[in-house]
Amino acid sequence: MGTDANGKIDLFRRFRPTPSQLRFFQSQARGRLMSSGYGSGKSKVGCREGIRWAVTYPGSRGLIGRLTATDLRDTTMVTFWREMSQIGFVSGDENAVARGKAHYSHNKADRKVTFWNGSEVLYRHLDDPLALGSLELNWAFLDEGAEIDDMIYKTISSSRLRWHLPVCDQQERVELLLRRDASDEEVAAVTCDCPRGIWVCTNPGASGYLRAVTRGEVDGWDWIACKPGDNPYNGPEYWEKMERDRQINGEVWMKRFYEGSWDAFEGQRFPMFDRDRHVLDQAWRPTAVHQVIEAWDFGHRETFVTWLAYHPRMNEPIVVFHELQVNEVQEPQDVAKEVFRIRGEYGLKQDAMIVVGDPAGVGSSQFSAVSPIGAYAGLGIFIAPAKWAKSPQARADLMTAFLMENRVQPDGSIWPGIVFGPNCLAVADSIINLRWKPQTSKAGEDPREVFVKKDDHGFDSCSYGLSVVPEPTAEKPKPRGFSRNQSARELLDL
């Protein structure tokens, strides 16, 4: 509730928050990201929260921002004015506000709304990273924030949330710093009890900053992810439109704009990957009955090792249970030392595992006369070159089959054919982010997949490992040219 000159104002008038929206309002985090597909009322939530801050904290200053002026005017601010009206606020000029006859005034030239209690709400388009100028704010609401340049987030978080309320006991100190032409960092460093916050309501998109928020990599942020079913007020027409849009725009578009997935994008090779389905909540360890595969991908500057396991006699999913990503590889013994440590952590022995790697590892490079496989053999790690799995397209097809497979367990639960431990996020991200583009020859054959080479080491190592596990469907065995009972030393001679 907020208090005006005439009594009480119900800030939730004509608004029944959904469970996801309530989680947003109840969050105490300095930064909040509410992301979802269409139909979850994101802009409504963002505007209501801005109004709440303006009423609750007299003399506060906030910003409503969107990338373009057109979208800001035609969508976000339309929602803002509608919410103001539904709450029951009355507009007037400054004199009417001063006499208690209106709740707020609107200066269109300055793009500013001023409330009876001295609070201000500014609205700006943000297509220029320098658009914020030297604004001082208590709060900022960025609508469809995935469209906005990452520099805006860094600027707001680091130096723009520094406005002090009239009752702040540090106001005189701040004014003194400003008169001395102090830096943004000096002003922002002044600590007080004034409220500070930024919230973003958006469809998932290409924002690197917000993707980092969804991964828990940005301190002080809370991520509220909403699914289509979270909003009980979406009627049958919503679901009918969803199905029409699915048919017109395809699964990737659907995952992003209806299901709210941050892992869906055009050109994605594995759009069926679902973190909720394919990533475990808890770490997993193989037992003595599991067959363990250690899979390597070599690179001059990076080496990636993935550990997988499966149960030979049960229909359990294959589990990717550990990973090792080494950047800026200087000497093979540095990688080998870490591999031996991980083997010891899980009690793994070389002779009990299948150890396979990139078949290109048998060749020397311009940097060394010794091949990677030869170098690691000299250190006691014997890696079979996966000559049967040279084709990345074939390995991608195999990965797809495992991701889409359903395995019924003895308790009746259904699991996919492959899952990833919570400590294997680098290999999971590599698979999620693998992109491809069609390439057609001049002869006009059907287009084939050509992978866009970027951070694909996790996929490569994992798919080399998949090439030596039982197929998703037994009726289509994959010829591999060796018996799984052979040791890694014997495989080296194939």
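The values are calculated or read from the model by the stated rules, or taken from the named source; none is laboratory data. Here the structure is a predicted model, which is why all the values come from computation and not from measurement. Positions of Cβ are generated from backbone atoms using ideal geometry, with glycine treated the same way; all protein chains shown enter the neighbour counts. When the accessible area is computed, the model is the full protein with side chains, heavy atoms only, and any ligands, DNA or RNA have been set aside. Shrake-Rupley method; radii C 1.70, N 1.55, O 1.52, S 1.80 Å.
With viscosity set to 0.692 mPa s and temperature to 37 °C, compute the Stokes-Einstein D of region 260-336, Rh being the Kirkwood radius across alpha carbon pairs; µm²/s, no decimals.
Working: Rh = 15.1 Å.
D, rounded to a whole number, is 217 µm²/s.
Between the helical axis of 42-56 and the dominant principal axis of the chain, each derived from Cα atoms, what acute angle in degrees is found, rounded to the nearest 10?
Tilt of helix 42-56: around 40 degrees.
Give me a comma-separated list of calculated 3J(HN,Hα) values for region 334-343, in order, Karplus coefficients 6.51, -1.76, 1.60 applied at θ = phi - 60°, integers in Hz, x for any Gly or Pro.
Per-residue couplings from phi come out as 5, 5, 4, 4, 6, 4, 4, 5, 5, 4 Hz.
Give me, ordered by chain and number, the residues 5 or more places off LEU63 or on other chains with an amide H under 5 Å from its own placed amide H.
Amide H neighbours of LEU63, under 5 Å, 5+ apart: LEU122, TRP139, ALA140, PHE141.
Taking only DSSP H segments of four or more residues, each worth -39500 (n - 2.57), what value at 222 nm results for the chain once the sum is divided by all its residues, to the nearest 500 deg cm²/dmol? Each step should come with its number before you reach the end.
Details: 17 runs with 148 residues, N = 494.
Taking each H run of at least 4 residues, the total per residue is -8500 deg cm²/dmol.
Using alpha carbon coordinates only, what is the Rg to Rh ratio of the chain, with Rh defined as the Kirkwood radius?
Working: Rg = 28.3 Å, Rh = 26.3 Å.
Reported Rg/Rh, Kirkwood definition of Rh: 1.08.
Using the Kirkwood radius over C-alpha pairs as Rh, can you work out the diffusion coefficient of region 214-328 via Stokes-Einstein at 20 °C, viscosity 1.002 mPa s, in µm² per second? Present the calculation step by step, with values, prior to reporting the outcome.
Values: Rh = 18.1 Å.
Value of D from the Cα-based Kirkwood radius: 119 µm²/s.
On the principal axes of its Cα set, how long, how wide and how thick is region 283-419? Give whole Å, largest value first.
Principal-axis extents of the Cα atoms in region 283-419, largest first: 54, 34, 24 Å.
At a 1.4 Å probe, what is the % contribution of carbon and sulfur to the accessible area of region 356-438?
Working: 2110 of 3530 Å².
Reported share for carbon and sulfur atoms: 60 percent.
What list of ³J(HN,Hα) couplings, whole Hz, do you get for region 289-295 from phi and the Karplus terms 6.51, -1.76, 1.60, once you set θ to phi - 60° and write x for glycine and proline?
8, 7, 8, 9, 10, 10, 10
Specify which residue in the list PHE382, PRO312, ALA29 is farthest towards the positive end of the charge dipole of the chain, using unit charges on the beta carbon of Lys, Arg (+1) and Asp, Glu (-1), about the Cα centre.
ALA29
Could you run the Debye sum over the Cα atoms of region 1-122, one equal point scatterer each and no solvent, and tell me log10 of I(q)/I(0) at q = 0.14 Å⁻¹, two decimals?
Scattering profile of region 1-122, log10 relative to I(0): -0.61.
Compute the separation of the alpha-carbon centres of region 178-198 and region 1-74 and state it in Å as a whole number.
A separation of 24 Å, based on Cα centres.
Could you sort the peptides 257-263, 399-405, 245-251 by per-residue average Cβ neighbour count (10 Å cutoff), highest mean leading?
Working: 257-263: 22.3, 399-405: 18.1, 245-251: 12.1.
Taking the mean over residues of other Cβ atoms within 10 Å, the ranking is 257-263, 399-405, 245-251.
Lys/Arg Cβ at +1, Asp/Glu Cβ at -1, dipole of the chain taken about the Cα centre: which of PRO17, SER207, THR400 is farthest positive-ward?
PRO17
Dipole magnitude of the chain about its Cα centre, charges +1 at Lys/Arg Cβ and -1 at Asp/Glu Cβ only, in debye to the nearest 20? Mind dumping the intermediate values first?
On the way: 61 positive and 67 negative charges, 176 e Å.
Around 840 debye, computed over the chain.
Can you give the Kirkwood hydrodynamic radius of region 46-112 from its Cα pairs, in Å with one decimal? If you can, show how the numbers build up before the last one.
Numbers: mean 1/r = 0.0775 Å⁻¹.
With all distinct Cα pairs of region 46-112 included, I get 12.9 Å.
Once you wrap a convex hull around the alpha carbon atoms of region 169-210, what is its projected area averaged over all directions, in nm²? Could the numbers behind the result be given before it?
Details: hull surface 18.0 nm².
For region 169-210, the mean projected area of the Cα convex hull comes to 4.5 nm².
How much of the DSSP beta bridge set in the chain is antiparallel, as a percent to the nearest 5? Could you put the intermediate results ahead of the total?
Working: 35 of 72 bridges.
Antiparallel: roughly 50 percent of the beta bridges in the chain.
For the chain, build the charge dipole from Cβ charges (+1 Lys, Arg; -1 Asp, Glu) around the Cα centre, then report which of SER119, TRP81, PHE420 sits farthest towards its positive end.
Result: TRP81.
Could you give log10 I(q)/I(0) at q = 0.17, 0.21, 0.23, 0.29 Å⁻¹ for region 79-136, computed by the Debye formula over C-alpha point scatterers of equal weight, without solvent?
Evaluating at q = 0.17, 0.21, 0.23, 0.29 Å⁻¹ gives log10 I(q)/I(0) of -0.63, -0.85, -0.95, -1.22.
Over region 52-164, what is the mean sequence separation of C-alpha contacts under 8 Å (at least six apart), divided by residue count, expressed as relative contact order in percent?
On the way: 177 pairs, mean separation 40.3, N = 113.
Relative contact order, region 52-164: 36 percent.
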